[in-house]
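What follows is a set of notes on a single structure, which appears directly below.
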Amino acid sequence: MNGEAVVGRRLVLGLGIVAALGGVVSCSPGRKGPGAAPEMVPEAVPRTVPGGTSLVPTPRPLSVPAAPGLAVGPSASPAVGPRQAVQEPWQPFPDDRHPAPGPWRPTAPGQAASDLQHPVRRSWRPTSDPPDLQSPAPGPGQAVPDPWQALGIHPAPAPGPAATPATRKRMSARRRSGAGRMAREVSNGPRDRPKVALTFHGAGPADLAERVLSEAERHGAHLTVLAVGDWLARYPRMARRVLSGGHDLGNHTEHHLDISSMGEREAYDEIARCAARLRRLTGTIGSYFRPSRAHHATPMVRELAARVGYRTCLSYDVDSDDHNDPGVATVTANVLDTVRPGSIVSLHLGHPGTAEAMPHILRGLARRRLHPVTVTDLLVL
């Protein structure tokens, strides 16, 4: 080999080393982001040199296959800054071409890229149905399937329309009227206290009612009078007389008819008219309603009572049977033989036998250490 050939080979080798070093330098890590130089790799290309043709490494840009939806190269998005949302390259519903990257959810505004490993705790629903969950249209009478439930996605219900002042007014009136609910029925009070309630159907001559009220007050007892509306129409002063003695006053319908056999409109009218009369005389409808000619209120009557404004329908667990006028001894025995703590006793104004039996009943209750109180005091816990 002559000297000229040796020099040529060394020159080629030197140029190759220089070119290789240049490619390495151009591919060294530098700034990233927009405008950054593409990655370079050496590539052997033929070049003509003194003494012949040689393959000299020449740098060229590195070609990287991009994932679907992910831009690579100078046109890629800038680097993610602190607490900024990132654009996720994968589809919301992975398939064979786009494998799921793990527990991923779309990021909320202001969420850092490092938070992608934790699901976002907020209500989220994609805007289009996933193709793998689409189903044929439901037939007549079939429910429309919700494809999101299969994925465990339950969007929050849409808020209803805002209530207008007129709507709120109607709703308040409906609540005040008791529509849609029923008054409770009470037959007795607590059994663990020495109290009983003597309740009277308010009707009959006013002088007999006065005798009963005065006798109770002499013994320190308080009664509950369920007044009939037409009785108050005849003796309007009795409403104030009852209340001034510390007794309770309630509603016993307007005409004391069989309310259980009435239709809804008639029954409501019986309750409402007596309530209106009580309000005119005393300023209130009273705390209790007792159905006329019935031991217990039917569900319809309880609902109508609530609609008028009563929360309690008053029944009883002791019946004196005094309205049949069996005599003083029988009325007294009917009460004292069955009464016990918490009892509500049914009695009637307007019957002479009841007025005469009152002193015996009150003394018998005292011997049994039972104190007659109003229903309100009986039910107070």
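The values are calculated or read from the model by the stated rules, or taken from the named source; none is laboratory data. Model, not experiment: these values are computed from the prediction. Here Cβ is always computed from backbone atoms with ideal geometry, including for glycine, and neighbour counts include all displayed protein chains. We work out accessible area using only protein heavy atoms, side chains counted, and drop any ligands, DNA or RNA first. Shrake-Rupley method; radii C 1.70, N 1.55, O 1.52, S 1.80 Å.
List of remarks:
- Within the accessible area of region 261-303 (1.4 Å probe), percent carbon and sulfur: 45
- Residues whose placed amide H lies under 5 Å from that of His348, excluding near-sequence neighbours: His201
- Here the simple spin-label model places points 7 Å from the Cα toward Cβ, and for Arg218 and Arg265 these points are separated by 5.1 nm.
- For Glu270, the solvent-accessible surface with a 1.4 Å probe is about 10 Å², rounded to the nearest 10.
- With all protein chains modelled, accessible area of Asp319 [1.4 Å, Å²]: 70
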